[in-house]
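One structure is given here, and the rest of the page talks about it.
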Amino acid sequence: MSEHYNFIYFQSDNHNRDLLGCYGHPQVKTPNLDRIAKRGVRFSNTYAASALCCPARAAIATGRFPHQSRFWDNAIVYDGSLPSWMHRLRVSGCEVVSIGKLHYRSTEDDNGFSEEILPMHIVNKKGGIAPLLRSIGEEQFHHGQWELYQDRSGIGSSYYQDFDQKITEEALKWLRQKNDRVSSKPWVLHVSYPSSHPPFSISKSLYEMYPLEEISLPPLFSKNERPEHPALQHLRETMGWGNLEPEILKKIITGYYGLITHLDQQIGLVLEELQKLGMGDNTRVLYTTDHGEMCGSHGLLGKCNLYEGSIAVPLIMSGPGIPEGEVVEQIVSHTDIFPTLVEGMGASLKEEDDDLPGTSLWPSIQGAQNDRFGFAEYHAAGSKNASFMYRENHMKLIYHVDMPPQLFDLKSDPQETRDLLENPDHSKTLIELTKKLKEFCDPEKTDQLAKSDQKQKMEFWGGREKVMSEGSLVITPPPGIEAEIVTN
């Protein structure tokens, strides 16, 4: 790839893959993101490495899954101790600048950026430590999560939206200054928004864009339909998800749709400025998110599970050298972003990168698609034990340590409404996928390792009683905003 192309890497939070026009959604308005896909390549089968902000973002940075990096949750997070794609580009002579949400440990760590503008990291280098209690089987009820969705979805405003706008302003300012300076250094600008993370509080105009009577309800949302797998029961109980009544759920969905459109508008402002400055012809654009959002599907809100709604993510790219209007069906992972950006900027991987699980996406962008497996894992809030996803072609296994597995055919059942575990026609597939999963990652040993690390971190912060007394961190605040801590 040419060394003379620059990159704007947009990243959002909590954006379900299916909720974009370019991914086929009939209602959600995302004209700016759709334009990126129309002018470039859309990846239709991309997976987050984990179903929570910090482990997902650590995997994007390091190109390694949680069981390889040991960044498991929102308390044991990326701290610059492993090489990132940012380190690789910076040492090659690129300018690598971040604006907005990173959700690493701290700017005081060398995360690899040349500069971090308005950096948003975990609270006080500590984050939400209450889920560390899962390491001893004593994770507490997470107060405030149900209220975050039920009470704060609808017409209103939030400090996240205010922060989105500040991020956009800084991105515009940075592009203008870059355009005014003469520099031979290629650059990557990482523009990272906290939206579309709850609370789903939006302006009246955005709320009215999605009339409640036109909102379709998700599959298996009601109490008499939702799957009652023990891992899901534990997640609902720990997070305090109440019964999802249709009118409450429609309000939540409307707020979510509006927040996605708000996000799209912010990205559109940056892309408009890029073109206005005449920088578009020399700049590639990438968009993805850290993980998805269930938004009521299967009786669940948020993420923290390995259904498609939680771990399937959008990934689109456009710009010079990228064909227009193409769709890559190949299964890809967030761990592929590391080698893709390094190659795309004309930089080189190092010898210590030889064991990276991901591969550069440039061959698939140019049409050389390969059969690959999909993988994700989860070891954090709301989980009694670890869970793992392994997908081959259209068959998907969710493996739960010490609990029954789940098996889905994504071709005939893309919304995962029919668990094929007891179907004798698929018993061979279940055995084969389980075997391949265990060849890639030992579920039981990984579960033990994660809990051991989490127990050690719990002791670091004062032990069981101290962690229990600290209360629940509802969401990570942007810079300058006090954290929301809810106690019993």
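The values are calculated or read from the model by the stated rules, or taken from the named source; none is laboratory data. Computed from a predicted structure; not experimentally measured. Virtual Cβ from ideal backbone geometry, glycine too; neighbours counted across all protein chains shown.
So that you can scan it fast, the table gives a plain yes or no per residue for (1) within 21 Å of HIS291 (Cβ to Cβ); (2) in contact with a strand residue (DSSP E or B) (Cβ under 6 Å, 6 or more places away or on another chain):
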| residue | (1), (2) |
| --- | --- |
| PHE71 | yes, no |
| VAL77 | yes, no |
| LEU82 | yes, no |
| GLY93 | no, no |
| VAL96 | no, yes |
| GLY100 | yes, yes |
| ARG105 | yes, no |
| GLU108 | no, no |
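Please work out which residue is farthest from ILE8 (Cα to Cα), limiting yourself to the stretch 227-245 and to residues that are outside any helix (DSSP H, G or I) and of a type in the set (D, E, K, R).
Top of the filtered list is GLU228.
In this structure, GLU422 does not qualify as more than 26 Å from HIS394 (Cα to Cα), modelled with pLDDT under 95 and either under 24 Å from the mean Cα position of the chain (by Cα) or of a type in the set (Asp, Glu) (or both).
If you check SER427, SER452 for being surrounded by fewer than 17 Cβ atoms within 10 Å (Cβ to Cβ), without any contact (Cβ under 8 Å) to a residue 24 or more places away in the chain, in a helix (DSSP H, G or I) and polar (S, T, N, Q), only one passes: SER427. Might you let me know whether the stretch 233-248 holds any residue that is over 30 Å from ARG176 (Cα atoms), among the aliphatic types (A, V, I, L, M), at pLDDT 95 or above and under 23 Å from the mean Cα position of the chain (by Cα)? Yes, the stretch 233-248 contains at least one residue that is over 30 Å from ARG176 (Cα atoms), among the aliphatic types (A, V, I, L, M), at pLDDT 95 or above and under 23 Å from the mean Cα position of the chain (by Cα). Just a yes or no: is a residue in the stretch 437-449 in a loop (DSSP other than H, G, I, E, B) and at pLDDT 95 or above? Checked against the condition, which is being in a loop (DSSP other than H, G, I, E, B) and at pLDDT 95 or above, the stretch 437-449 yields at least one hit.
Within the stretch 178-191, can you find the residues that are out of contact with any Asp or Glu (no Cβ under 8 Å at 6 or more places or on another chain) and either at pLDDT 95 or above or of a type in the set (Asp, Glu) (or both)? Result: ASP180, LEU189, HIS190, VAL191.
When the test is whether a residue is at pLDDT 95 or above, under 30 Å from PRO218 (Cα atoms) and assigned to a helix (DSSP H, G or I), LEU433 passes it.
Output the number of residues of the stretch 381-402 satisfying the condition of being touching a strand residue (DSSP E or B) at 6+ places or on another chain (Cβ under 8 Å) and either closer than 30 Å to SER472 by Cα or polar (S, T, N, Q) (or both).
Here is the first cut: in the stretch 381-402, the residues touching a strand residue (DSSP E or B) at 6+ places or on another chain (Cβ under 8 Å) are 385-392, 394-401.
Restricting the remaining residues to those that are either closer than 30 Å to SER472 by Cα or polar (S, T, N, Q) (or both) gives 385-389, 398-401.
Total meeting the criteria: 9.
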